[in-house]
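K.L.:
I'd like to ask some things about the structure below.
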């Protein structure tokens, strides 16, 4: 009876330790090129083998007017990104379209310009296909 209880407890622990497949893998992200990151995905600039910066697309707030609707205001989309330098120092930046689409960050003793180019997909009032993952399209330039 005692061994049955131990086995049951062990199996309960194993089911609680499942791998989270919703997290997107970190990708190589070259400087001066546009890179699309899914929410909770990170890009290692310029590569995973020797990242100077790692940028993670954390959050989104999207109030854009859907494509198939007439609105009095076009709305905006705001992203929150976490920037981590090669020493592990972290800073958060918020970029939005339209509006503040770029920010300069200080890291590793130099400056980097982070630019938000787009957030896809654009909202639709009546989507005809299954929803696609939200992506922030950004680029980073050494200054």
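K.L.:
Ranked highest first by average number of other Cβ atoms within 10 Å, how do 102-109, 44-51 line up?
P.N.:
For the peptides 102-109, 44-51, the packing ranking is 44-51, 102-109.
K.L.:
For residue 73 and residue 24, what is the calculated FRET efficiency with R₀ set at 25 Å and r taken between the beta-carbons, to the nearest 0.05?
P.N.:
0.20
K.L.:
Can you compute the modelled spin-label distance between residue 33 and residue 142, with each label point 7 Å from Cα toward Cβ, in nm?
P.N.:
It is 1.6 nm.
K.L.:
Note down the nm distance, to one decimal, between modelled labels 7 Å out along Cα→Cβ at residue 126 and at residue 50.
P.N.:
Reported label-point gap for residue 126 and residue 50 is 5.5 nm.
K.L.:
If R0 is 22 Å, what FRET efficiency do you get for residue 104 and residue 65 from their C-beta distance, rounded to 0.05?
P.N.:
Efficiency for this residue pair is about 0.15.
K.L.:
When the convex hull of the Cα atoms of the stretch 24-138 is projected onto a plane and the area is averaged over all directions, what value comes out in nm²?
P.N.:
That works out to 7.5 nm².
Read-outs throughout are calculated quantities, based only on the coordinates presented, and are distinct from any laboratory measurement. Worth saying up front: this structure is predicted, and the values here are computed from it rather than measured. So basically every Cβ, Gly included, is an ideal-geometry build from the backbone, and we count neighbours across all protein chains shown.
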